[in-house]
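The values are calculated or read from the model by the stated rules, or taken from the named source; none is laboratory data. In this text the structure is predicted, and so the values were computed from the model without any measurement. No Cβ is skipped: glycine too gets one built from the backbone with ideal geometry, and neighbour counts run over all protein chains shown. Protein only, heavy atoms only, side chains kept; ligands, DNA and RNA dropped before computing areas. Shrake-Rupley method; radii C 1.70, N 1.55, O 1.52, S 1.80 Å.
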Amino acid sequence: MEAGGSSSDSASVAGDISFNTSPKYKVKFTKMHGCGNDFVVFELDKVRQLSTNEYVRDWSVQQLSDLSKALANRKLGIGCDQVIIVNSKPNNTDTDYEMLIFNSDGEQATMCGNGVRCFSKYIIDNQIQSQTKNTSNEIQNIETLAGVIKTFPQLDHPLNTSNTTLIKVNMGNAMVLNTKQTVNAIARNEINLSTTDRSLYVYNIEIDHPTVNRLECVLVSMGNPHCVVFIERNQELGNISGGNYSGARLALMEIESIAMALQKHPLFADSCNVEFVTTASGKPNKVLSRVYERGSGETLACGTGACGVAVASILQGHCNADSEVFVEMPGGLLLISWKGHNQVFKTGPACTVFSSTIEL
Ligand SMILES: N[C@@H](CCC[C@H](N)C(=O)O)C(=O)O
């Protein structure tokens, strides 16, 4: 069936992949999640073409996008926020593995913080041998479109269970957009936290929205773009007081329309992920956040987003760089460490839900 076509006994929502009739591929997959941000994980060289029963060897990005969109469909496929594809034969021979990421809308993403922890666990659990290097389980070098990410599985951690492994990740440098730069000139800037002028990082963004006209935002890239909105700093989002009330207000807020308006702003040529944050958690160095992701909508957590939130919270003086920042999202907690001039480290769980095979 052609893309976009439909008939009474099948539905095509992902390019040339039709549901219910004429499956093309047999995919062995594992359903995983990191703090409730859920993934379908499969190996690039383990998908069979049903017409020949051979493994598919040459994938185009469009084919992977179509397949990912079909797998991610929560009604007709398996359902997930992102599809993570494991390639154990990366072109870059300095790395061990390549991770490909597709959002549920089929768009390829550059980086996924929760996904890379699940990737790391998948490699260990399935004993996937890198074709380029002799790797240990202590450190994995994973190539992404945002650069090489290093993961450090905490295999002996007391919090691990049969399905859950704690993984620490070097997420690389944060890039923070300051108001004196143009978006195109965004650089991997080293920030001296003792002399930083907080206002340098605050963008006043006008949006096309029925009740909210302007938002103060901090723009951070973790290899993908994040727009961080502190709700107490934006009176247009409603009257916010401190303490528990802010957590409840964040939980109840309608974020979709505001996030979508921000995503359409010309500042974000490739859209963005939007994080809404309250700093009034009542606990030191802990913030609460909800995220509306590019290409997937609201998710229970976002790993790169948690890094962006922690960096923005430190830069705005809401958190302290001397110790870890706790970012609590509806699906769980991530621990983020950033010293201003250093790379961002993130620690959190990777969980396996089940493994199976699907034809579609
Ligand atoms: N959930 C992810 C981010 C996935 C990609 C994102 N939606 C984008 O398009 O940049 C995470 O945990 O970081």
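So here's what we get for this one:
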read-out	value
Positive-end residue of PRO225, ALA310, GLN63, charge dipole of the chain with Cβ unit charges	ALA310
Radius of gyration, Dmax [the range 285-360; alpha carbons; angstrom]	14.7, 51
Rotationally averaged projected area of the chain (alpha carbon convex hull; nm²)	18.9
Carbon/sulfur fraction of accessible area - the chain, other protein chains in place, 1.4 Å, %	47
Gain in span if fully extended, LEU159 to LYS75, counting 0.36 nm per residue against the direct Cα distance	26.9 nm
The chain: angle of helix 113-125 to the longest principal axis, Cα-based, in degrees nearest 10	40
Potential extension, ILE139-ASP45 segment - 0.36 nm per residue separation minus Cα distance	31.5 nm
Rounded to the nearest 10 Å², the accessible area of TRP338 at probe 1.4 Å	10
Dipole magnitude (debye, nearest 20) for the range 17-66, charges at Cβ of Lys, Arg, Asp, Glu	180
Solvent exposure of the chain as accessible area per residue, Å², 1.4 Å probe	44
Test item: Cα-centred dipole of the chain, Lys/Arg +1 and Asp/Glu -1 on Cβ, debye	520
Over 32 Å between alpha carbons, listed pairs LYS46/LYS75; LYS31/LYS339; LYS26/LYS286; LYS180/LYS286; LYS24/LYS121; LYS180/LYS264	LYS31/LYS339; LYS26/LYS286
Student exercise, the range 13-120 dipole from Lys, Arg, Asp, Glu Cβ charges, in Debye to nearest 20	460
Accessible surface of ARG198 - all protein chains present, 1.4 Å probe, nearest 10 Å²	130
